[in-house]
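A short worksheet on the structure shown next.
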Amino acid sequence: MRSTRRVVRGLALAAALGVVLAACSSQGGRQEEAAAPGGGGGQTATTPRLTIAMITHQAPGDTFWDKVRTGAEVAAAKDNVELKYNNDPEAARQATLIQNAVDSGVDGIAVTMSKPEPLAPAIKAAVDKGIPVVAINSGIDAWKPLGIKMYFGSDETVAGESVGERLTKEGAGKALCVIQEQGSVSLEARCAGVKSTHPTTENLVVNGVDLPSVRSTIAAKLQQDPSLTHVVTLGAPFALAALESIADAGSSAKVATFDLNSDAAQAIKDGKIVFSVDQQPYVQGYEAVDALWLNLTNGNDLGGGRAVLTGPSFVDSTNIDQIITYAKNNTR
């Protein structure tokens with residue numbers, strides 16, 4: 001664990017070398033160019049031009065992935081890489097996107113594995129063709145058996161356990177853990193981790209692509225069970241929906257969440273959200289591209305055969321003043 005933390009600290013320093021920050025829309029589209037965190041004169045690599053595909057399970061409107069893509073674009077600009085970003089929340093279609101990248105002859109692939117089994121054949125096709133693959137964000141228990149070289153992300157079980165421990169320490173009563181995508185191994189691991197260290201936790205599955213439905217479903221649950229003292233959401237947009245649900249239900253429950261966006265950061269500063277567990281998606285995107293470039297141009301591997309952890313990192317009233325600036329810049 002200590003060695004992994006040292007690796008992550010080193011990776012954070014590497015991320016500061018980025019020279020271009022692309023701010024993205026809610027669908028991950030580029031809007032404008034701005035200076036990357038850390039500034040620096042920056043020079044584009046003189047290594048041969050490479051093409052790297054990044055294929056995620058991003059759902060429409062999920063701003064979490066803006067940060068992943070921003071980090072990836074910063075690394076691509078530095079490393080003389082053409083980045084091809086594609087996404088689909090449906091596993092079979094995500095697998096097709098991976099296979100398309102293989103067939104097009106890309107030099108490397110970064111992939112998320114929210115639902116690993118349907119993706120396995122396409123990933124195996126890449127590995128068999130000699131295309132290096134790295135995993136980010138999800139699939140921490142599945143990447144090595146598939147021949148994937150490296151993993152960058154959070155251990156979601158550990159992250160969930162950390163949330164449960166904090167809830168218990170702070171005297172929380174019954175908690176509701178809201179899963180916005182049924183069948184996602186990462187989201188289910190988070191809630192299982194919360195329950196393991198805060199046993200009075202109940203799961204609630206919602207339709208994450210329909211925020212009004214998320215709001216009404218949480219509100220109905222709060223009205224049905226007034227003993228709920230905390231709502232734990234697994235993404236920043238759902239935390240904001242939960243705040244509205246609490247108001248709708250006339251509940252006094254508190255909200256804790258995983259992940260950040262600028263609005264959630266402001267809600268933490270305003271005392272409306274008690275804390276967030278950040279997995280640093282910007283770093284995940286940056287290191288996926290940079291690690292593939294290092295592997296392709298210098299034969300490097302990071303992590304020593306283990307996952308390179310980018311979280312969990314708590315954001316709360318004690319550090320929000322420092323972090324809110326980065327959240328508004330779309331890098332935290």
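Of note:
- Among residues of region 98-117 being among the small types (G, A, S) and assigned to a loop (DSSP other than H, G, I, E, B), the one that is most open to solvent (accessible area, probe 1.4 Å) is G105.
- If you filter region 155-182 down to residues that are in contact with a Ser or Thr (Cβ under 6 Å, 6 or more places away or on another chain) and of a type outside the set (D, E), you find that the one that is nearest to V205 (Cα to Cα) is V178.
- Counting the residues of region 82-141 that are hydroxyl-bearing (S, T, Y), at pLDDT 95 or above and within 25 Å of Q280 (Cβ to Cβ) gives 2.
- Selection within region 281-332: residues that are among the acidic types (D, E) and in a helix (DSSP H, G or I). The member of this set that is farthest from G108 (Cα to Cα) is D321.
- Test: residue in region 176-191 that is within 27 Å of D155 (Cβ to Cβ), in contact with a His (Cβ under 9 Å, 6 or more places away or on another chain), open to solvent by 10 Å² or more (accessible area, probe 1.4 Å) and outside any helix (DSSP H, G or I): yes
- Taking every residue in region 60-73 that is open to solvent by less than 30 Å² (accessible area, probe 1.4 Å) and pairing it with any residue that is in a helix (DSSP H, G or I) and of a type in the set (S, T, Y), at least 6 positions away or on another chain, the pairs with Cβ-Cβ distances below 8 Å are K67/Y282; V68/Y282; T70/Y282; G71/Y282; G71/Y286; A72/Y286.
- On inspection, G299 does not qualify as in contact (Cβ under 8 Å) with a residue 40 or more places away in the chain and small (G, A, S).
- Of all residues in region 42-59, those that are outside any strand (DSSP E or B) and surrounded by fewer than 18 Cβ atoms within 10 Å (Cβ to Cβ) have Cβ atoms under 7 Å from Cβ atoms of residues that are of a type in the set (A, V, I, L, M) and modelled with pLDDT under 95, 6 or more apart or on another chain, in G42/L17; G42/V19.
- Matching residues in region 234-256 - criterion: being assigned to a helix (DSSP H, G or I) and of a type in the set (G, A, S): A236, A239, A241, A242, S245, A247, A249
- Here the condition is being under 21 Å from the mean Cα position of the chain (by Cα), assigned to a helix (DSSP H, G or I) and surrounded by fewer than 21 Cβ atoms within 10 Å (Cβ to Cβ); of A125, A95, A120, it holds for A120 alone.
- Checking each residue in region 128-141 for being closer than 19 Å to W293 by Cβ, in contact (Cβ under 8 Å) with a residue 12 or more places away in the chain and either open to solvent by 40 Å² or more (accessible area, probe 1.4 Å) or basic (K, R) (or both) picks out only K129.
- Of all residues making up region 128-163, the number that are under 17 Å from the mean Cα position of the chain (by Cα), part of a loop (DSSP other than H, G, I, E, B) and small (G, A, S): 4
- Answer residue from region 275-331, given it is open to solvent by less than 40 Å² (accessible area, probe 1.4 Å) and of a type in the set (D, E, K, R) and is farthest from V163 (Cα to Cα) among those: D290
- If you go through region 142-151 and keep only what is without any contact (Cβ under 8 Å) to a residue 60 or more places away in the chain and either under 18 Å from D107 (Cα atoms) or in contact with a strand residue (DSSP E or B) (Cβ under 9 Å, 6 or more places away or on another chain) (or both), you end up with A142, L146, G147, I148.
- Counted residues, region 142-158 - those being buried (at least 24 other Cβ atoms within 10 Å of the Cβ), of a type outside the set (A, V, I, L, M, F, W, C) and modelled with pLDDT of 95 or more: 2
- Qualifying residue in region 216-233 (condition: part of a loop (DSSP other than H, G, I, E, B), of a type in the set (D, E), surrounded by fewer than 20 Cβ atoms within 10 Å (Cβ to Cβ) and at negative phi): yes
- Restricting region 65-86 to residues that are part of a helix (DSSP H, G or I) and touching a Pro at 6+ places or on another chain (Cβ under 8 Å), the residue that is farthest from F258 (Cα to Cα): G71
The values are calculated or read from the model by the stated rules, or taken from the named source; none is laboratory data. Remember, it's a predicted structure, so these values are computed and weren't measured experimentally. Cβ sites come from the backbone with ideal geometry, for glycine too, and all protein chains shown count toward neighbours. What goes into the accessible areas is simple: the full protein's heavy atoms, side chains included, and nothing from ligands, DNA or RNA. Shrake-Rupley method; radii C 1.70, N 1.55, O 1.52, S 1.80 Å.
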